Amino acid sequence: MITEDLTSENFSPKHFGFLALPGFSLIAYAAAIDTLRLANRLQGAELYTWETITPNDELVMASNGLEVKPNRNYQDTDVYDMLFVCGGVKISSTWSESIGKYLRYQDKRGVVLGALCTGAYILAKAGLLDGYRCTLHWENIASMREEFPHLNITDDIYEVDRNRYTCAGGTTPFDMMHHLISRQYGRVLAAAVSETILVDHVRNMTDRQRVPLRQQIGTSQPKLTEAVMLMEANIEDPLTPDELSSLVSISRRQLERLFRSYLNCTPTQYYLGLRLRNARRLLLQTEKAIIDISLVCGFSSAPHFSKCYRDMFGLPPRDERRLLLKRGESEDDSSFAGRKTT
């Protein structure tokens, strides 16, 4: 299936390490490893080997409650060809300087570094993404850009920039590993892997992470889609209804009619929901002051922000953050849908 002589004494398998952090995404971790496993099986040779390591060499629990056992001592000096940081929920709480030191040590030894899901945050904290393109799960992009404004953070499903491989999590590690296999061992093997795993469309690096807007809002009505895209691009400095209608070249009344017909709300209500959901992600994923969060989400008054937040999510922002800290765990994905529609 590949032309490289696997019997040559110069051939050796590519050795990967997966650093699983508390709350990591199991689906992303499994998607990466199983893609490599299938490449080995289909080729009938050991092209890839891998190990899992965890902080403190202990069992680590994924976000779904399942635990993974490490099979390599965290501080062993074994050299990997590639090392992936496996992140998930509440990624900022998993950071430690010892992890940063370990990753910088691997980088100095020439190890290619990567990240799954939110793992790019840890690479950024370690100073290992400066000058590189990178990506992570879309829910964390806003908070990542706030904390690391100097980084080139994209919303692509994965990024390959020289010796850095980062992806958005979910099923995107498959797409990234497919790219890697194709580059290292050829398209024929990569295609066989995708066929075996029942994937009929492998996404490109530059595909967007989120479901296309027309699917999110349930229509391809062009003026409505254009208006929502403008809202998403102008969170910190919200456009007025008149500005919005002018930019999409229809009257304010026509715009309101479109929102009522397709989304059962006014443009103002929809826009407010976007800003509040963005604020909630920042509240739960960062340690930014609440007043700062209100400002970057377009609220000039902290009391007004607090009231709007409580109306939508049932708790004022200060209480929700306190509750999160008390629980000691992050909200699950469904929490971002909110408790009340606008």
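The values are calculated or read from the model by the stated rules, or taken from the named source; none is laboratory data. What you are looking at is a predicted structure, and each value in this text was computed from that prediction instead of being measured. Note: ideal-geometry Cβ built from the backbone for every residue, glycine included; neighbour counts use all protein chains shown.
Among residues that are at pLDDT 95 or above and closer than 22 Å to residue 234 by Cβ, residue 152 is included. Listed by first and then second residue, the pairs linking a residue in segment 219-241 that is without any contact (Cβ under 8 Å) to a residue 24 or more places away in the chain to a residue that is assigned to a loop (DSSP other than H, G, I, E, B), with Cβ atoms under 6 Å apart and 6 or more places separating them unless they lie on different chains, are 226/248.
Checked against (1) crowded, with 19+ Cβ neighbours inside 10 Å; (2) touching a helix residue (DSSP H, G or I) at 6+ places or on another chain (Cβ under 7 Å), residue 114 passes all but a single condition, namely (2). For segment 19-117, the strands (runs of 3 or more DSSP E) that sit wholly inside it and include 1 or more residues that are assigned by TED's automatic domain parsing to the domain that holds residue 164 and of a type in the set (Phe, Trp, Tyr) are 48-53, 82-86. Residues of segment 234-257 that are assigned to a loop (DSSP other than H, G, I, E, B) and under 30 Å from the mean Cα position of the chain (by Cα): 234, 235, 236, 237, 238, 239.
Taking the stated definitions as given, is residue 77 modelled with pLDDT under 95 and among the hydroxyl-bearing types (Ser, Thr, Tyr)? Here the answer is yes, as residue 77 does meet what is asked.
Filtering segment 80-97 to residues that are modelled with pLDDT of 95 or more, out of contact with any His (no Cβ under 6 Å at 6 or more places or on another chain) and surrounded by fewer than 19 Cβ atoms within 10 Å (Cβ to Cβ) leaves 95, 96, 97.
Yes or no, residue by residue, for (1) surrounded by 13 or more Cβ atoms within 10 Å (Cβ to Cβ); (2) touching a Pro at 6+ places or on another chain (Cβ under 7 Å); (3) at pLDDT 85 or above:
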{"residue": "287", "(1), (2), (3)": "no, no, no"}
{"residue": "295", "(1), (2), (3)": "yes, no, yes"}
{"residue": "314", "(1), (2), (3)": "no, no, yes"}
{"residue": "322", "(1), (2), (3)": "no, no, yes"}
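For every residue, the table says whether it meets (1) at pLDDT 95 or above; (2) buried (at least 22 other Cβ atoms within 10 Å of the Cβ); (3) closer than 17 Å to residue 114 by Cβ.
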residue: 5; (1), (2), (3): no, no, no
residue: 11; (1), (2), (3): no, no, no
residue: 15; (1), (2), (3): yes, no, yes
residue: 22; (1), (2), (3): yes, no, no
residue: 35; (1), (2), (3): yes, yes, yes
residue: 38; (1), (2), (3): yes, no, no
residue: 55; (1), (2), (3): no, no, no
residue: 62; (1), (2), (3): yes, yes, no
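Filtered by the rule that a residue be closer than 17 Å to residue 31 by Cβ and buried (at least 18 other Cβ atoms within 10 Å of the Cβ), segment 171-190 gives 172, 173, 174, 175, 176, 177, 178, 179, 180, 181, 190.
Within segment 280-323, being farther than 22 Å from residue 239 by Cβ and of a type in the set (Lys, Arg) holds for 288, 310, 318, 321, 322.
When segment 191-205 is limited to residues that are surrounded by 13 or more Cβ atoms within 10 Å (Cβ to Cβ) and among the aliphatic types (A, V, I, L, M), the one that is nearest to the chain's Cα centre (by Cα) turns out to be 205.
Of the residues making up segment 172-227, those that are among the β-branched types (Val, Ile, Thr) and at pLDDT below 95 are 197, 199, 202, 206, 211, 217, 219, 225. One residue alone among 134, 117 is under 23 Å from residue 155 (Cβ atoms), in contact with a Gly (Cβ under 8 Å, 6 or more places away or on another chain), of a type outside the set (Val, Ile, Thr) and in contact (Cβ under 8 Å) with a residue 12 or more places away in the chain, and that residue is 117.
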